[in-house]
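In what follows, a structure is listed as structure tokens, so that the remarks can point back to it.
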Amino acid sequence: MKQSSSYLTVQISEATKNGDASSLTYSLVWGGPPLSGDMLLRCGSMEELERIVQCLKKDLDDVLTQAKEALEKWRARAEQDKEKSMSPSDIWRQMEQAPTEEAMFACFNALSESKRLEVAEWVLTHVSMFKGRGPVFAEHYNIVSHTLDD
């Protein structure tokens, strides 16, 4: 028998003995940790329950969107921190290992402007301009935008 993975359940109870549908109450109950069994709200009609469920769906979608945005910001900060900790020579080694020139350009252009300037200064003063990717860098480096252009 498959066990339900739903944390939210509805309990329907009669408010009176006459069985009239208008006398039913609908209770949303949380079935997951840490509030297992706690009633979240009680509704007096199916229409009210439908409205609340629609609001909850929207709220949950909004929460999911906020969580995704927060995760992206965290990843971006982590990437910036990683970038800050890498030396220009480390970044150049990564760029040299790129499978194509386009990939090398994308790697460089994805850096912050200040890091691109730092890496460019290092490459142009420490890397041979007669072999490897050094001449490619020098030929495509745009000194105004601090990017590698095709």
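The values are calculated or read from the model by the stated rules, or taken from the named source; none is laboratory data. In this text, all values refer to a predicted model and were calculated from it rather than measured experimentally. With ideal geometry, Cβ positions are generated from the backbone for all residues, glycine too; neighbour counts draw on all protein chains shown.
On the stretch given as the range 62-81, residues that are within 19 Å of Leu8 (Cβ to Cβ) and among the hydrophobic types (A, V, I, L, M, F, W, C) total 3. Screening the candidates Asp150, Asp81 for the property of being part of a helix (DSSP H, G or I) and of a type in the set (Asp, Glu) yields one hit, Asp81. The residues listed here are Glu83, Glu79, Glu48; of these, the one that is in contact with a Ser or Thr (Cβ under 8 Å, 6 or more places away or on another chain) and surrounded by 11 or more Cβ atoms within 10 Å (Cβ to Cβ) is Glu83.
When the range 1-14 is filtered for residues that are at pLDDT 65 or above and in contact with a Gly (Cβ under 9 Å, 6 or more places away or on another chain), the ones remaining, listed by number, are Ser6, Tyr7, Leu8, Thr9.
Residue-level check: of (1) charged (D, E, K, R); (2) modelled with pLDDT of 85 or more; (3) not in a helix (DSSP H, G or I), Arg42 misses just (2). Any idea which residue in the range 15-38 is modelled with the lowest pLDDT, counting only those that are in a loop (DSSP other than H, G, I, E, B) and within 18 Å of Leu49 (Cβ to Cβ)? Here the residue is Asp20.
Of note, Asp59 satisfies the criterion of being under 18 Å from Thr9 (Cα atoms), without any contact (Cβ under 8 Å) to a residue 24 or more places away in the chain and part of a helix (DSSP H, G or I).
Confirm whether Phe108 is loosely packed, with under 10 Cβ neighbours inside 10 Å and modelled with pLDDT under 95. No.
When residues in the range 111-129 are screened for being surrounded by 13 or more Cβ atoms within 10 Å (Cβ to Cβ) and part of a helix (DSSP H, G or I), 9 of them pass.
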